Each structure stands twice: as C-alpha cells, then as structure tokens.
Amino acid sequence: MAFKLNVNGKVQTADVDPDTPLLWTLRDTLGIVGPKYGCGIAACGACTVHMDGQPIRSCVTPVSAVGSAKITTIEGVGADPVGKKVQAAWSELDVAQCGYCQPGQIMSATALLKKNPKPTDADIDAAMSGNICRCATYTRIRAAIKKASGQPVKA
C-alpha cells in the first residue's frame with residue numbers, strides 16, 4: 001500500500017504494508033538512516049523521531065498511524081532553531097562517544113526544550129529517562145541540554 005509521508009518537510013511515497021514500523025519505512029524504503037534500531041520494543045530511544053513535534057518511538061509506530069502528521073528525524077531537526085542549538089551544544093561539549101544512541105537523544109532533548117525552555121536537572125532526567133546510552137554519556141547529555149537552554153553548565 002502506498003503512503004504519502006511528510007518527512008523533514010518533504011512529501012515522499014512509501015509502498016509498504018500498513019503495519020510496517022515507521023523506523024523500517026524511513027530506513028529501508030526512504031533511505032533516511034539517522035533513526036537507529038536499538039531494541040524494537042520502544043525501551044531504548046535510539047529510534048526516536050518527532051511526529052508533529054512530539055517524540056515517538058518509530059520502531060513500534062506503524063506507518064499507517066502516521067497519516068498526515070509531519071515527521072522530523074535527526075536529519076531534519078537542525079532546521080528548527082531549538083534543534084540547531086541542541087546539535088551545536090552536543091558538538092561543542094563532545095557528547096557522543098560511540099554515537100549510536102545520539103540521534104534519539106538529540107530528538108528527545110529537542111522535544112524537551114521546545115516544551116520546557118529552562119528545564120531543571122530533574123526535568124531533564126525525567127524527559128531523557130527513556131533514552132539509553134551504553135557509553136553512559138548522561139552527564140554530558142545533561143550539560144548539553146543545559147547549554148542549549150542558555151543555562152550555566154557545571155564543569
């Protein structure tokens with residue numbers, strides 16, 4: 001079945017089964033490989049994308065559930081001023097170690113800052129709790145979120 005998807009501001013057609021996870025539609029059909037496969041059960045956050053600005057786990061979201069929603073991936077989040085600040089902070093503070101989880105981390109952090117421009121440490125921890133980093137860069141992730149929000153970063 002053909003689905004018209006608005007991904008990163010561009011309408012694309014994907015001919016897939018309705019129950020195909022959005023993650024596989026993005027990666028295998030549309031060639032958008034920023035969102036990563038981590039667990040397949042929405043537990044790790046590596047596949048996080050935005051659907052109409054809200055972070056979702058694309059590994060468990062069937063493509064048929066997208067409808068006319070706007071999908072933003074790590075490839076497109078930098079077009080948003082908040083996403084651009086988050087990406088810049090990630091780079092400046094060398095957050096990534098292996099980098100595998102970082103697209104999902106950045107997508108969740110951007111959604112947090114769009115909803116709460118000056119989050120506390122507790123707010124950050126709550127919003128990012130569904131994103132797992134095997135390299136344990138959590139301290140740098142929190143610092144980058146603080147930096148992107150314009151708050152002081154603890155050394």
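Take peptides 48-56, 111-119 and line them up by average Cβ neighbours within 10 Å, highest first, as a rough protection proxy. Please list the in-between numbers first.
Values: 48-56: 20.1, 111-119: 17.1.
Result, highest mean Cβ count within 10 Å first: 48-56, 111-119.
Past 18 Å, Cα to Cα, is the threshold; run Lys115/Lys146; Lys36/Lys114; Lys85/Lys147; Lys85/Lys114 against it and keep the listed order. Can you show the working numbers first?
Details: Lys115/Lys146 14 Å; Lys36/Lys114 22 Å; Lys85/Lys147 9 Å; Lys85/Lys114 11 Å.
As for pairs spanning more than 18 Å Cα to Cα, those are Lys36/Lys114.
Evaluate the Kirkwood expression for the hydrodynamic radius of the range 2-72, namely the inverse of the mean inverse distance over all pairs of different C-alpha atoms, and round to one decimal in Å.
On the way: mean 1/r = 0.0854 Å⁻¹.
When all Cα pairs of the range 2-72 are included, the Kirkwood radius is 11.7 Å.
Where in the chain are the DSSP H helices whose C-alpha atoms run 30 Å or more along the long axis and whose mean Kyte hydropathy is at least 0.5?
Details: long enough: none.
Span-like helices here: none at all.
Select from Ser108, Ser129, Ser58 the residue whose mean-square fluctuation is largest in a Gaussian network model of the chain (Cα-Cα springs shorter than 10 Å).
Most flexible of the set in this elastic network: Ser129.
Considering only Ala88, Ala109, Val33, whose Cα is most displaced toward the positive end of the charge dipole of the chain, charges sitting on Cβ of Lys, Arg (+1) and Asp, Glu (-1)?
Ala88
log10 I(q)/I(0), Debye, Cα-only the chain, no solvent, q = 0.09, 0.11, 0.19 Å⁻¹?
With no solvent term, the Cα-only Debye profile gives -0.27, -0.40, -1.09.
Taking every pair of alpha-carbon atoms in the range 78-148, what share in percent sits in each 10 Å bin, from 0 to the bin with the longest distance?
Distribution as computed: 23, 62, 15 percent.
About the Cα centre, and with charges only on the beta carbon of Lys, Arg (+1) and Asp, Glu (-1), how big is the dipole of the chain? Nearest 20 debye, please.
Once rounded to the nearest 20, the dipole reads 520 debye.
Read-outs: derived from the displayed coordinates by stated rules, not from any lab. Note that this is a predicted model, so its numbers are computed, not measured. Neighbour counts are summed over all protein chains in view; Cβ atoms, including those assigned to glycine, are modelled from backbone coordinates with ideal geometry.
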